[in-house]
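What follows is a short report on a single structure.
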Amino acid sequence: MKNQLKTQFLVQKAYQDEEYIFNCSMLLGIVSAKTESEATELLEKELNIFLNTEAKQYVKSFMSSESVNKEIITCPEGRVILPVDVWHCKFDGKACPIQASIQLNDNKNFMLHCRAENKEEIFNTVEKKKYQGFHHVPGRYLCPSCDKLLKNSKENFKYHYPWELYPLWKMIDFKDTKIMSSLYSSDIPLSVKHSKVCASCFVEIMKKLFPNNIYASSLFAKKLDFFPR
C-alpha cells in the first residue's frame, strides 16, 4: 500500500489486580483491561490515534519543498552527524561540500564536488532510481545499536522517528562497573549510554544486561503500520 511503513513503540506489560496493563511513554496514560486481548486492542487503538495525529503532524512539519522535491535525492554514501545536522561522506569521514544532496539534472555539479572514487556509479544509481534516499527521510534519527548490528545494505532500517527511540540511561546506571563490564562483553556500542535506541534494540539490550530481571522481561516492541502521508 502506498506510503505504508512499519513503526514501533516500547511497551511494558504487567498483570496487576486481575487486570492486564500496558504502559507506553508516548501515551498520556496506561491501558488496562480484564483480558490480554482486550488490553492489546485498546493499546493498538490508542497508538493508532497517536500515529494519525501527533506522528503525522511531525512528519508533515518536515515536508519542506526540498524534502519532497523528487529531483533532489540524498546521497546513499552520506551520513548525517547529529545533533549538528551536518552531512559527512562515508568514504573519508569529512563534511560533504554539497551536503549529500544530488540534483538529478546536474551531473556536472555532483562530479565536481563529490570526492568518492565511484562517484559516477553513485550518480548513475540515483539517476536510474535504484536508490531513492528513503533512509534519510527528514526527522528520522540513527539508532546506534542498529548501526552496529545491521549491514550497510539494511541502512534504511537504522533510522527511526522520535517516538521509536528511547533513553536507556533512564533505566540503566552506566556508572555501575558490573553493567559496563556486561556492556563490553555483550558487544553493545558504548554510544547507547548517551544516544537513544529504537524500541527493538532497547528490549534486546535490557535482556542481555539483565537476563533474569522481571522488568526487563516485561518489555516488548509493539509494531504497527504507519501511513505518514
**Prompt:** Any idea which of Leu209, His88, Ile30 is furthest toward the positive side of the dipole for the chain, if Lys and Arg beta-carbons carry +1 and Asp and Glu beta-carbons -1?
**Reply:** His88
**Request:** Please give, to one decimal in nm, the separation of the simple spin-label points placed at Ser37 and Lys208, each 7 Å out from Cα toward the Cβ.
**Result:** 3.7 nm
**Prompt:** With charges set only on the Cβ (+1 for Lys and Arg, -1 for Asp and Glu), what does the dipole of the chain come to about its Cα centre, in debye to the nearest 20?
**Reply:** 520 debye
**Net charge over other residues, Cβ less than 12 angstrom from the Cβ of Ile172 (K, R count +1; D, E count -1)** = +3
**Fill in**
Going from the fewest other Cβ atoms within 10 Å to the most, one would list Leu27, Leu219 as Leu27, Leu219
**Complete:** The alpha-carbon pair-distance distribution computed for the chain, with 10 angstrom bins and whole-percent values, is 7, 27, 30, 22, 11, 3, 0
**Environment charge at Leu27 (Cβ cut-off 13 Å; Lys +1, Arg +1, Asp -1, Glu -1)** = -1
**Asked** Between Ser218, Val59, Thr125, whose Cα lies farthest towards the positive end of the dipole of the chain when Lys and Arg beta carbons carry +1 and Asp and Glu beta carbons carry -1, centred on the Cα centre?
**Response** Thr125
**Helix-only mean residue ellipticity at 222 nm for the chain, each DSSP H run of n ≥ 4 adding -39500 (n - 2.57), per residue, nearest 500** = -8000 deg cm²/dmol
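Every number here is computed from the coordinates shown, using simple stated rules; none is lab data. Keep in mind that this is a model prediction, so the values were computed, not measured. In this analysis, Cβ positions are derived from the backbone assuming ideal geometry, glycine residues included, and neighbour counts consider all displayed protein chains.
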